[in-house]
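The following block contains the structure, expressed as structure tokens.
We did not get these values from a lab; they are worked out from the coordinates using the rules stated. The structure displayed is predicted, hence computed values, not measured ones. Note that each Cβ is placed from the backbone with ideal geometry, even for glycine, and that neighbours are counted across all protein chains shown.
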């Protein structure tokens, strides 16, 4: 009986949601352009104003594709505040209360760095792009050329000793 109940619960949790359930909605945080492509220098597809409601269509890195006021385009993820759905309210509340405990320095402000919009599944499915890694190798500069260029520009080499373990600045 217990095994059957477990299977039923797992089936309910793993059944994919319908398209209507998967629709994400958000609100624009500040006035700005929506772009034709997810690039800063892309042509504008239209404008959005602060507090405009948007429907999120797709995500790509630090960008989300949105539909707003009859237009479709890309906007930076940091310019969107996700709207809570009924099922997400409890989760967002627990995340917000956990995040409120993260404090740094004397200011008591939370400090974060990164790109919003990457989900657990995105991170789980991440893989190495060997072609891009090979390109990175082509950007290396010969150490002799770097030294010559630095000297030409008046830079001088300095040796800085590491601090001993437990040392102070």
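Taking segment 51-68 as the search range and keeping residues that are in contact with a strand residue (DSSP E or B) (Cβ under 6 Å, 6 or more places away or on another chain) and without any contact (Cβ under 8 Å) to a residue 24 or more places away in the chain, which one is surrounded by the fewest Cβ atoms within 10 Å (Cβ to Cβ)?
Of everything passing the filter in segment 51-68, 58 is surrounded by the fewest Cβ atoms within 10 Å (Cβ to Cβ).
Cβ-Cβ below 9 Å, separation at least six or inter-chain, first residue in segment 118-144 and over 22 Å from residue 58 (Cα atoms), second not in a loop (DSSP other than H, G, I, E, B): which pairs?
Pairs that qualify, where the first residue is over 22 Å from residue 58 (Cα atoms) and the partner is not in a loop (DSSP other than H, G, I, E, B), are 141/149.
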